[in-house]
Amino acid sequence: MQKNTAFSLGNIALIDKIDSETNFFASVLGGVGGRSKSFIPSVKALISNKLNQSVSINKILDFTPDELLKTLGFEDTISDRSLYRTLERLGERKSIVLDQFQRWISQQSLVDPTQFVDFSSSYFEGTKCPLGELGYSRDNQPGKLQIAFGISVGLNNIPTMLTIQKGNVQDKKHMQMLIRLCSSVLPEGSLLVFDCGGNTQDNKRRIRDLKFHYLTLKAKKKGPYRNEITIYHARKESQVSFVSGNRVYSCVKYRDGEEVRYIFFCDDLACDQLTKKARKLEKDLEKGKVLTKKVERGKDLGQYIAPGGLDHRPWSSPEDHWRYPQPLCNRS
């Protein structure tokens with residue numbers, strides 16, 4: 001008796017609908033697949049996987065029945081190697097794909113004038129990637145090779161720009177590469193929103209030279225923040241209050257040279273920060289009490305870095321303890 005096969009067609013219907021209305025695959029992937037008849041179906045299979053079960057590539061065929069493969073456009077049976085070959089070809093021709101994608105979103109009027117720019121990284125388990133470099137790891141994997149990527153997404157949630165760099169590229173340098181793409185993608189007068197990682201005088205000057213605007217965050221440093229706090233308190237008459245996310249904020253707006261600056265304050269968030277700092281201080285004090293008791297009993301505190309090298313001797317008295325830099329202790 002023949003078994004019935006059931007599978008979801010929602011993601012396939014969505015892919016076909018977008019392609020029929022916008023000519024997506026011919027516009028973005030035209031000329032990339034060469035003479036391969038399975039290239040476009042393989043791309044559809046990869047997209048369908050991300051929209052549905054989102055399993056690793058070597059598991060896609062285990063979750064995809066033959067009937068679904070025929071619906072995607074495959075004429076013959078395929079293997080994992082075919083999907084990996086498609087992914088490799090997309091990577092080798094990424095510049096062409098990105099250029100054609102940006103032309104496509106411009107033709108479809110999908111480029112939003114407000115763009116949110118951010119940077120992240122991804123690490124590799126292997127050691128053979130030519131772009132892989134050691135550097136600051138957002139994934140807490142500093143010992144593994146990684147790549148850095150920057151992405152710009154419009155207010156309409158449509159991605160417009162993507163850059164891929166070696167894993168040790170800093171955000172402020174990576175930002176320069178994204179800015180170069182802006183002139184060919186974004187309309188004049190667009191707004192770029194980014195955090196303090198890309199906030200440099202040079203990057204802001206480049207943005208203004210392209211006749212774009214920017215909204216960015218100032219790095220958390222005591223000196224500049226102390227000045228801003230002073231300005232905030234000195235301009236109470238110009239403070240504006242508003243509600244966002246069930247929280248009340250107050251804001252001061254002022255001009256500093258060619259820039260317009262905004263200073264925000266929220267009582268609820270301030271209380272949250274002070275509460276967290278108080279809890280951390282209490283924990284440090286408890287640790288300090290334990291260390292103090294060990295010192296008073298003449299016990300070894302362990303190994304610590306000191307100017308003369310590792311110091312791991314037991315303290316003979318509490319008075320000796322205060323002659324050397326040690327972790328926080330509560331001294332009465």
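The values are calculated or read from the model by the stated rules, or taken from the named source; none is laboratory data. Just so it is clear, the model here is predicted, and its values are computed rather than measured. Note: ideal-geometry Cβ built from the backbone for every residue, glycine included; neighbour counts use all protein chains shown.
Here are a few things to note about the model shown:
- Comparison of VAL169, VAL243 shows that the only residue that is among the β-branched types (Val, Ile, Thr) and part of a strand (DSSP E or B) is VAL243.
- The listed residues are LYS17, LYS59, LYS50, and the only one of them that is loosely packed, with under 15 Cβ neighbours inside 10 Å, under 30 Å from VAL193 (Cα atoms) and charged (D, E, K, R) turns out to be LYS50.
- Of the numbered criteria (1) acidic (Asp, Glu); (2) farther than 29 Å from LEU155 by Cβ; (3) in contact with a helix residue (DSSP H, G or I) (Cβ under 6 Å, 6 or more places away or on another chain), the one ASP19 fails is (2).
- Residues of the range 209-227 classified as within 18 Å of CYS251 (Cα to Cα), in contact with a strand residue (DSSP E or B) (Cβ under 7 Å, 6 or more places away or on another chain) and either surrounded by 14 or more Cβ atoms within 10 Å (Cβ to Cβ) or of a type in the set (Phe, Trp, Tyr) (or both), total: 1
- Here VAL111 passes the criteria (1) part of a loop (DSSP other than H, G, I, E, B); (2) over 26 Å from ASN11 (Cβ atoms); (3) touching a residue at least 60 places away in the same chain (Cβ under 8 Å) except the one numbered (2).
- Residue among THR77, THR86, THR127 that is in the same structural domain as LEU46 (by TED's automatic domain parsing) and either small (Gly, Ala, Ser) or surrounded by fewer than 17 Cβ atoms within 10 Å (Cβ to Cβ) (or both): THR77
- Failed item, numbered, when PRO142 is tested on (1) touching a residue at least 24 places away in the same chain (Cβ under 8 Å); (2) over 20 Å from ARG208 (Cβ atoms); (3) touching a Gly at 6+ places or on another chain (Cβ under 9 Å); (4) surrounded by fewer than 18 Cβ atoms within 10 Å (Cβ to Cβ): (1)
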